[in-house]
Amino acid sequence: MKKNLRFVGLDVHKDTISIAVAESGREPARLLETIPADVWLLLKVLDRLGPKSRLRVCYEAGPTGYGLARQLNEQGICCVVVAPSLVPTQKNRRIKTDRRDAVRLAHFLRSGDLVEVTVPEAQTEAMRDLERAREDAIQVERVARQQLDKFLLRHGRRWSVGGKWTHKYWQWIKVQEFAEEASRRVFNDYIHTVEQALARVQRLTADISELVERWTLGPLVRALQALRGVDLVTAVVLAAEIGDFQRFGTPKQLMSYLGLVPSEHSSGGHRRQGGITRTGNRHARWVLVEAAWNYRFGPCASKRINARRQRVAAGVRSIAQRAEQRLSRRFRRLIDRGKSSQKAVTAVARELVGFVWAIAQEDQLLAA
């Protein structure tokens, strides 16, 4: 029963852990102590609080990751990770310390006002690290390309034949010459940096392609690729960032989790909706919007998409085909109504979430 429980709040940092406890009654939560960031020292403190079955522990999601929660749960202690942005705060609060944060967590854990974050499996978290590392590499590559492009522009080298960063564009770059030795060295360094960044992206992409076959969510990744606009990397991002799709009872819950639902400010008889909330997981939201751009074309699957659909179950194939028909039609209708392409693609991305959710609910994902 809840009256026999003790609620423990942890403020976890790289070097220290502040510990506070709230009894099951109405007594104020109190600080216990601050210890070095060591799980075994923490277990000793928790042992002094009573039987493990009576303890409920929480800490905020942050840079220290989920390892502590996994270790405590393995030891038989119920530990949850909570969303820091959704922890209630006092509006006029002027003092913030680690100790006060721990006391606050213990208090709100007892009252049930904290929002729990799903702790992913270790393998899923590892794949999430891999796809996020690839995203970081793409950002580095983009910056390197911009630096090279601006260097050429400063020296009056303008490309006007076609799109940039094509094979022809690279050939044009490679034949550029500069009179000053310093300029030549800077130019060569920029080229080397871009090539290194590109090689890093390709290496990480190859790692994803290799390791996804050993992943427990590998079948889901292959099934999601039946959708138009969802390639290997996009499917891996969706599976790794969302994790367990079964925790979402309806597609609308998943849409809300991804921040793709309209914001709203209503009072009385007045109802006002704004842009999407942009809450939740931005990585998954970004790849969904990018995938939704593919539906601006008519519903005609390419040979590559058809080949991918042959490897999935009939139910998954049917969902992907319905998605292609509906979302392409939806995109055209929104544009015909005068909506901007950005609003149209956001609306299509929101509906695409429903088809992603439907595929994840299928009992059989791959063809027999």
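The values are calculated or read from the model by the stated rules, or taken from the named source; none is laboratory data. Just so it is clear, the model here is predicted, and its values are computed rather than measured. A quick note on method: Cβ atoms are made from the backbone with ideal geometry, for glycine too, and the neighbour counts reach across all protein chains shown.
Considering only residues in region 147-177 that are among the polar types (S, T, N, Q) and part of a loop (DSSP other than H, G, I, E, B), the one that is farthest from R200 (Cα to Cα) turns out to be S160.
Sort out which residues of region 328-350 are of a type in the set (A, V, I, L, M) and more than 19 Å from G259 (Cα to Cα), and write them in order of number.
We begin by selecting, within region 328-350, every residue of a type in the set (A, V, I, L, M); these are 334-335, 344-345, 347-349.
Within region 328-350, L334, I335 qualify.
Given the condition touching a strand residue (DSSP E or B) at 6+ places or on another chain (Cβ under 8 Å), touching a residue at least 60 places away in the same chain (Cβ under 8 Å) and surrounded by fewer than 19 Cβ atoms within 10 Å (Cβ to Cβ), answer yes or no: does some residue in region 12-20 qualify? Lay out the reasoning, then the answer.
Our first condition is that a residue be touching a strand residue (DSSP E or B) at 6+ places or on another chain (Cβ under 8 Å); within region 12-20, this holds for 12, 15-20.
Next cut, touching a residue at least 60 places away in the same chain (Cβ under 8 Å) only: 16, 18-20.
Those still in the list that are surrounded by fewer than 19 Cβ atoms within 10 Å (Cβ to Cβ) too: 16.
Checking region 12-20: at least one residue is touching a strand residue (DSSP E or B) at 6+ places or on another chain (Cβ under 8 Å), touching a residue at least 60 places away in the same chain (Cβ under 8 Å) and surrounded by fewer than 19 Cβ atoms within 10 Å (Cβ to Cβ).
Taking region 228-248 on its own, how many of its residues are in a loop (DSSP other than H, G, I, E, B), under 16 Å from W286 (Cβ atoms) and not β-branched (V, I, T)? Even if it seems obvious, please write down each step before you answer.
Just the residues of region 228-248 that are in a loop (DSSP other than H, G, I, E, B), to begin with: 228-231, 243-244, 248.
Retained after the next criterion (residues that are under 16 Å from W286 (Cβ atoms)): 229-231.
Right, trim to not β-branched (V, I, T) and you get 229, 231.
Qualifying residue count, region 228-248: 2.
Using the structure shown, decide if N188 is within 29 Å of Q146 (Cβ to Cβ), in the same structural domain as I138 (by TED's automatic domain parsing) and not aliphatic (A, V, I, L, M). I'd like the intermediate steps shown before the answer.
Numbers: within 29 Å of Q146 (Cβ to Cβ): yes; in the same structural domain as I138 (by TED's automatic domain parsing): yes; not aliphatic (A, V, I, L, M): yes.
Yes: the conditions hold for N188.
Within region 254-277, can you find the residues that are free of Cβ contacts under 8 Å to residues at least 60 places away in the same chain, assigned to a loop (DSSP other than H, G, I, E, B) and not hydroxyl-bearing (S, T, Y)?
The answer is G259, H265, G268, G269, R271, R272.
The set of residues in region 278-296 being in contact (Cβ under 8 Å) with a residue 60 or more places away in the chain and among the small types (G, A, S) consists of A291, A292. For region 317-368: of the residues being of a type outside the set (A, V, I, L, M, F, W, C) and within 22 Å of the chain's Cα centre (by Cα), which is surrounded by the most Cβ atoms within 10 Å (Cβ to Cβ)? Filtering region 317-368 for residues that are of a type outside the set (A, V, I, L, M, F, W, C) and within 22 Å of the chain's Cα centre (by Cα), the one surrounded by the most Cβ atoms within 10 Å (Cβ to Cβ) comes out as R350.
All of A137, A144, A182 fail the test of being part of a helix (DSSP H, G or I), in contact (Cβ under 8 Å) with a residue 12 or more places away in the chain and over 24 Å from the mean Cα position of the chain (by Cα), apart from A144.
Taking (1) surrounded by fewer than 13 Cβ atoms within 10 Å (Cβ to Cβ); (2) without any contact (Cβ under 8 Å) to a residue 24 or more places away in the chain; (3) hydrophobic (A, V, I, L, M, F, W, C) in turn, A126 satisfies each apart from (1). Does region 203-222 include one or more residues that are in the same structural domain as Q147 (by TED's automatic domain parsing), over 28 Å from L352 (Cβ atoms) and either surrounded by fewer than 13 Cβ atoms within 10 Å (Cβ to Cβ) or among the basic types (K, R) (or both)? Looking through region 203-222, at least one residue is in the same structural domain as Q147 (by TED's automatic domain parsing), over 28 Å from L352 (Cβ atoms) and either surrounded by fewer than 13 Cβ atoms within 10 Å (Cβ to Cβ) or among the basic types (K, R) (or both). Scanning region 265-297 for residues that are surrounded by 11 or more Cβ atoms within 10 Å (Cβ to Cβ) and either among the small types (G, A, S) or over 19 Å from V353 (Cβ atoms) (or both) turns up G280, A284, A291, A292, F297. Pairs linking a residue in region 335-360 that is in contact (Cβ under 8 Å) with a residue 40 or more places away in the chain to a residue that is part of a helix (DSSP H, G or I) and polar (S, T, N, Q), with Cβ atoms under 9 Å and 6 or more positions apart or on different chains, are V348/S328; W357/Q253; A360/Q246.
Taking the conditions (1) modelled with pLDDT under 95; (2) closer than 22 Å to E135 by Cβ; (3) among the charged types (D, E, K, R) in turn, D363 satisfies each one other than (2). Listed by first and then second residue, the pairs with beta-carbon distance under 6 Å, at least 6 apart or on different chains, first residue in region 42-71 and more than 21 Å from A29 (Cα to Cα) and at pLDDT 95 or above, second assigned to a helix (DSSP H, G or I) and polar (S, T, N, Q), form an empty list.
Sub-6 Å Cβ pairs linking a first residue in region 235-251 that is closer than 15 Å to A223 by Cβ to a second residue that is part of a loop (DSSP other than H, G, I, E, B) and hydrophobic (A, V, I, L, M, F, W, C), at least 6 apart or interchain, are A239/L217, ordered by first then second residue.
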